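Notes for the one structure printed next.
What follows draws every value from the coordinates through simple rules; no lab data is involved. These figures come from a predicted structure and were not determined experimentally. Using ideal geometry, Cβ is built from the backbone for each residue, glycine included, and neighbour counts are taken over all protein chains shown.
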Amino acid sequence: MSKEGYGLLKGKKGIIFGALDDRSIAWRIALACKREGAEFVLSNAPIALRLGTLNALSEETGAPIIPCDVTSDDEIESLVDQTKEHFGGGVDFVLHAIGMSPNIRKKKEYTDLNYKWFQQSLDISAISLHRILHHIDGKGGLNDGASVVALSYIGAQRIFSKYSDMNDAKALLESIARNYGSRLAKNGIRVNTVSQAPTKTSAGSGIKNFDGMYTFAEKLSPLGNPTADECADYCVTLFSDLTRKVTMQNLYHDGGFVTSGFSEELLDDLAHLYTEEK
Ligand SMILES: NC(=O)c1ccc[n+]([C@@H]2O[C@H](COP(=O)([O-])OP(=O)(O)OC[C@H]3O[C@@H](n4cnc5c(N)ncnc54)[C@H](O)[C@@H]3O)[C@@H](O)[C@H]2O)c1
């Protein structure tokens, strides 16, 4: 990948939600968007901004930071107003890279969920996409032909037990992307989810046995796990004009994991393991 990029997002303006530290997928996407010529605002929850890490990305990309807890209608409305004021109009792309499960954080098993926390998982990780689209569209904040991408995980389709209630949150997120995508299509606006492979980030490492999930996916995927920077390159294409008719899709960015049954490497490893055990 050339350091100069391809100018794919020249003249485009966007909102990037979810950059926390330099491992965050959203952080890597922000750098790729900058490389491709985009201007954007960065947003995260006020509590996350207290860490102060986002300032470095803001300085590097020249993007202002606008705080917003995505479970609050008032804060989203204010973010949309401030963004419109900053750009003097609407945006061409939105990245939703937001996820959090209090149940996973507090190690509650799926069969023993705290329902208040379950609602928070759904609210933060999935319903927030609906809220953002509702307020931004309502305020005329999305330009015709805009592209919205939310990051998902294959737990939406298959059971990964340690991913607990986030499996449900991702299924809802993908459904909201399809449903809202069908309503916004009249203005050429696209809404898609990108189902990214396990990636070593702050949210990722919060999951029990994450390293095992990461290694399993790495060994099963013919192309191996994509990095956050590779995810960023893919998202850039979705924000660009090269993908104008791609909408209401869940797009796997996983090195071929989703269509793989077994890999020779994994089979050899298991054969060795079980032979040794005997
Ligand atoms: N890391 C992985 O293995 C992986 C795999 C597939 C998909 N994803 C998804 O990618 C996205 C980004 O996650 P990441 O892995 O980069 O981790 P991350 O921890 O860097 O990002 C998660 C972000 O969500 C933000 N957030 C949490 N609650 C919020 C709220 N109420 N309001 C606003 N923002 C809030 C956090 O502050 C953080 O910036 C998430 O949707 C995650 O589920 C991650």
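Structure notes:
- Cross-chain or 6+ apart pairs with Cβ under 6 Å, region 3-20 first and on the phi > 0 side of the Ramachandran plot, then within 16 Å of the ligand (Cβ to nearest atom): G18/A26; G18/A97; G18/I98
- Within region 231-262, the set of residues being in a loop (DSSP other than H, G, I, E, B) and in contact with a Lys or Arg (Cβ under 7 Å, 6 or more places away or on another chain) comprises V246, T247, M248.
- Reported count of residues in region 73-117, each being among the aromatic types (F, W, Y), farther than 26 Å from N192 by Cα and out of contact with any Pro (no Cβ under 6 Å at 6 or more places or on another chain), is 2.
- When L172, L113, L151, L122 are screened for being free of Cβ contacts under 8 Å to residues at least 60 places away in the same chain and closer than 30 Å to K12 by Cα, only L172 passes.
- Among helices (runs of 4 or more DSSP H) entirely within region 113-209, having at least 2 residues that are over 18 Å from the mean Cα position of the chain (by Cα), surrounded by fewer than 21 Cβ atoms within 10 Å (Cβ to Cβ) and more than 13 Å from the ligand (Cβ to nearest atom) singles out 115-122, 128-138, 164-184.
- Odd one out for G138 among (1) of a type outside the set (V, I, T); (2) out of contact with any helix residue (DSSP H, G or I) (no Cβ under 8 Å at 6 or more places or on another chain); (3) under 25 Å from T237 (Cα atoms): (3)
- Flag not set for K10, criterion: of a type in the set (K, R) and not in a loop (DSSP other than H, G, I, E, B).
- T215 meets each of the listed conditions (1) touching a residue at least 12 places away in the same chain (Cβ under 8 Å); (2) farther than 19 Å from L129 by Cα apart from (1).
- Qualifying residue in region 212-230 (condition: in a helix (DSSP H, G or I), within 13 Å of the ligand (Cβ to nearest atom) and loosely packed, with under 13 Cβ neighbours inside 10 Å): yes
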